[in-house]
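The values are calculated or read from the model by the stated rules, or taken from the named source; none is laboratory data. Since the model is a prediction, treat every value here as computed from it, not as a measurement. Note that we place each Cβ from the backbone using ideal geometry, even for glycine, and neighbour counts take in every protein chain shown. Please note that ligands, DNA and RNA were not included when accessible areas were found on the heavy atoms of the full protein model with its side chains. Shrake-Rupley method; radii C 1.70, N 1.55, O 1.52, S 1.80 Å.
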Amino acid sequence: QVQLVESGGGLVQAGGSLTLSCSVSGFTNGAMGWFRQAPGKERGFVAAMHWNIGSTMYADSVKGRFTISRDNAKNTLVLQMNNLKPEDTAVYYCAASSRGLSQFSIGYAYWGQGTQVTVSS
């Protein structure tokens with residue numbers, strides 16, 4: 001049974017940083033991703049990495065500001081977010097897929113409960 005639990009969200013001023021974590025259990029191979037959903041908008045892709053290979057991909061809107069990584073010791077997926085902007089405000093979700101890297105949420109079968117990130121201007 002795959003279980004994903006996000007943590008690390010909060011309120012930050014524009015230009016600040018936050019680190020999101022996703023505790024992973026029951027998942028051994030495939031892609032892990034971060035998605036976000038702002039009020040009134042569809043859930044959108046943020047970043048993904050292959051759990052074992054380590055290859056990564058990012059949405060254009062976060063390239064150069066966000067970094068996705070894996071903490072092997074804690075079996076945790078990490079999203080380091082720097083230079084945050086008000087438009088980054090959303091609920092952030094961790095997701096897992098037995099398939100390869102994808103920016104499409106339909107490819108991810110397992111989801112966490114989400115964590116709120118709010119960036120004030």
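When V24, V119 are screened for being open to solvent by less than 20 Å² (accessible area, probe 1.4 Å) and over 15 Å from the mean Cα position of the chain (by Cα), only V119 passes. Candidates S105, S69, S55, S61: the one that is touching a Phe, Trp or Tyr at 6+ places or on another chain (Cβ under 7 Å) and among the polar types (S, T, N, Q) is S105. On inspection, V46 passes the criterion of being crowded, with 19+ Cβ neighbours inside 10 Å, under 23 Å from T118 (Cβ atoms) and touching a residue at least 12 places away in the same chain (Cβ under 8 Å). For W34, the conditions (1) in a loop (DSSP other than H, G, I, E, B); (2) open to solvent by less than 20 Å² (accessible area, probe 1.4 Å) all hold with the exception of (1). P39 falls short on exactly one of the conditions (1) open to solvent by 20 Å² or more (accessible area, probe 1.4 Å); (2) closer than 19 Å to S120 by Cβ; (3) assigned to a strand (DSSP E or B), and that condition is (3).
Could we say that L84 is under 19 Å from G8 (Cα atoms), hydrophobic (A, V, I, L, M, F, W, C), out of contact with any His (no Cβ under 8 Å at 6 or more places or on another chain) and in a strand (DSSP E or B) here? So L84 fails the test.
Would you please name the residue that is nearest to T115 (Cα to Cα), looking only at residues in the range 67-95 that are at pLDDT 95 or above and acidic (D, E)? Looking at residues that are at pLDDT 95 or above and acidic (D, E), I get D88. Scanning the range 70-81 for residues that are open to solvent by 60 Å² or more (accessible area, probe 1.4 Å), in contact (Cβ under 8 Å) with a residue 24 or more places away in the chain and not in a strand (DSSP E or B) yields a single hit, K74.
Can you tell me which condition K63 does not meet? The list is (1) charged (D, E, K, R); (2) assigned to a strand (DSSP E or B); (3) open to solvent by 60 Å² or more (accessible area, probe 1.4 Å), and all the others hold. Among (1) charged (D, E, K, R); (2) assigned to a strand (DSSP E or B); (3) open to solvent by 60 Å² or more (accessible area, probe 1.4 Å), K63 violates only (2). Considered as a group, the residues in the range 93-116 that are assigned to a strand (DSSP E or B) and more than 16 Å from L79 (Cα to Cα) include one that is most open to solvent (accessible area, probe 1.4 Å), and that residue is Y110.
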